[in-house]
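Student: Structure in structure tokens, see below.
The values are calculated or read from the model by the stated rules, or taken from the named source; none is laboratory data. No experiment lies behind these values; they were computed from the predicted model shown. FYI the Cβ positions are ideal-geometry reconstructions off the backbone, even for glycines, and counts take in every protein chain you see.
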Amino acid sequence: MFRTLGGGDLTLNRTNKTHPHSITELCEEGGRLYANALRTGRIARADVEPTPCLMEFDLLHPDPDDPNWLRPVPPSVALAQRLHPIEREISERRRTSIELAEAFEPFMALSAQGAAPTHSITVLEGLDRINAALDLATNQCRNEVLTVQPSARHPERRVIEGLERDKTLTERGVRIRTLYQHTARYSPERLAYVDRFTNGKAEYRTIDELVERLIICDETVAFIPVRDDRQVALEIRHPGLVAYLIKVFEFMWGRAVPLSAGAPYETAPDGITDIQHSIAKLLVEGHVDEAIARRLGMNVRTCRAHIAKLASALGSGSRAQLGYLIAQSGILEQEQRSIGGGSHS
């Protein structure tokens, strides 16, 4: 259906309630009768009763010599009648764009002279504005997108939207590197999403703990959330800050495990899994169950199940004793030595 640039329907799209379609979707019977009328010069009024669209769209008009017949409007005339309002709308929009350019010209001149900052941190409020800024940045991206995505279950709609965006990027030759938490390995939706990208342009790794989301496009712009509800975000274009965030990403990337490398939750010789080592570290730091679960990308019930297994492995009978036994066991020192001994590539 034709639409104006402003989003409203043009009058050429009026339709008959019992025969609804636009002129750009002229029905097969209507097209056949109009072509026949053009060939013969007229058509009986009774023949077009099943296709009221021809009269609705002014493709036929009454024969002045005989009311029982209709004559076709030449297609060049019909086309001109419908193009006119569109061309008028385009002209009005062009005039508005010129007026906008003239209005902002003085400010552009000030910016060019260095009177305004060339690097900025913009506060984006509301999902619509955040998503619009992200869409613009990814549309302009030409080389690489870095993303940190703490594991969480997303609505199917958001998964599909992400899939389409990433597909468009990789088809354009943009490389994507994404960090998830280890728990993403047990998400069927996430694994199905990753399986869609086998062309080598997208790479996925997991790590035990991630704090918050991060998106960086072409070493030029970064996005980070401000609030837990993700209704406010920062768009960062300061080169120094963007470079710092890239270093943070690369630090985590070097310690992450490729998603194709198998499960990272294998049991260590001391009977404690990697994820339980991570939980132990956070317990000693004083974090409550809810905070630990959030940081490791799992639900609280799963987190408490791991804590119970950890307590059983260490022979702890209480939460207070568990912290003491973790400190005495030396498992955190073992983990630190493991981290310092090399990184995953």
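Student: Considering only residues that are in contact with a strand residue (DSSP E or B) (Cβ under 9 Å, 6 or more places away or on another chain) and assigned to a helix (DSSP H, G or I), which ones fall in the range 233-258?
Tutor: LEU241, VAL242, LEU245, ILE246, VAL248, PHE249, GLU250, MET252, TRP253, ARG255 - these are the residues of the range 233-258 that are in contact with a strand residue (DSSP E or B) (Cβ under 9 Å, 6 or more places away or on another chain) and assigned to a helix (DSSP H, G or I).
Student: While we're on this one: Look at ILE279 and say whether it is assigned to a helix (DSSP H, G or I) and modelled with pLDDT under 90.
Tutor: Numbers: assigned to a helix (DSSP H, G or I): yes; modelled with pLDDT under 90: yes.
The answer is yes for ILE279.
Student: Please specify each residue of the range 56-94 satisfying the condition of being of a type in the set (Val, Ile, Thr) and out of contact with any strand residue (DSSP E or B) (no Cβ under 7 Å at 6 or more places or on another chain).
Tutor: VAL77, ILE86, ILE90
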